Amino acid sequence: MSVVETAPVGALLRDWRLRRRLSQLDLSSEAGVSARHLSFVETGRSRPSREMVLHLAEELGIPLRERNELLLAAGYAPVYGRRDLTHPDMGAVREAIDLVLAAYEPYPAVVVDREWNLVAGNRSVALLTDGAAPGLLQPPANALRLALDPRGLAPRILNLPQWRTHLLTRLAREAHLSADGELSSLHRELKALPGGWDPRPPNGIMVPLRLRHDAGPLSFLSTVTTFGTAVDLTAAELSIEAFLPGDAHTADVLRRA
């Protein structure tokens, strides 16, 4: 049986600090601890308390999943649980998701997890996925793969290089900030797909998603909603992305549909 060794908690905290581009002085000032003590923690000369691990993790904006890993590395039990959405305790979360999805209709809205897998969507999502290969829609369907794969939405996206650049830049940033290997792997996969690259800033205030449609080109602006106070991994890693009409024509088509 192989044993997976975990890096010391000090080394992990140092990696997160460097990922956030903070010096020891920066972090100690923001966290209200001495730079000397922080240095001792990072080098392993001092074992941080459970409260100190959580405090530093909060200051560094470390995701809940990785906070559990820090606690384990420091010799403490994880504090953040993970319940399936079907669990009775998650009833309020399910109700909130259903409420938000219904409220966005007739505009498309989807729920995705940390890896961008589709968890739920409202009825209007069918307008976005129309024509996509059935295989891309089979669970666990990935929203980014569905958007950028040539068998998915990509052929219908009129500004594909621009939208593709926006999504891949966003994914790369999420992979870096979370240190999630799955997101990094997904980024490499999607970056290898055809579609072009357009790093130029948009003419307007947001990057639109422009889709080919029988009723004429549709334009969408996306917004993201998260459970900001969640202390359960499942809830904390969910996000609701809505696609709102970017012009009057799109709004009219969606209302009629």
Trypsin sites (Lys or Arg not before Pro) within segment 155-257: DSSP coil, no more than 13 neighbouring Cβ in 10 Å: 212
Candidates 187, 87, 176, ranked by Gaussian network fluctuation over the chain, Cα under 10 Å, top entry: 87
Cα gyration tensor shape for segment 95-244, rounded if a/c is under 1.5, else prolate or oblate: rounded
Residue-span extension gain [residue 94 to residue 47] - 0.36 nm each, minus C-alpha spacing: 13.0 nm
Cα gyration tensor shape of segment 35-101, rounded if a/c is under 1.5, else prolate or oblate by comparing a/b with b/c: prolate
Among 227, 40, 243: highest mean-square fluctuation, GNM of the chain, C-alpha pairs under 10 Å: 40
Potential extension, residue 158-residue 256 segment - 0.36 nm per residue separation minus Cα distance: 33.1 nm
Difference of contour (0.36 nm per residue) and Cα-Cα distance, residue 20 to residue 249: 78.2 nm
Fraction of alpha-carbon pairs over 22 Å apart in the chain - percent: 63
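Every number in this text was worked out from the coordinates using simple rules, so none of it is lab data. Keep in mind the model is a prediction, meaning the values are calculated, not measured. Reconstructed Cβ throughout: ideal geometry from the backbone, glycine too, with neighbour counts over all protein chains shown.
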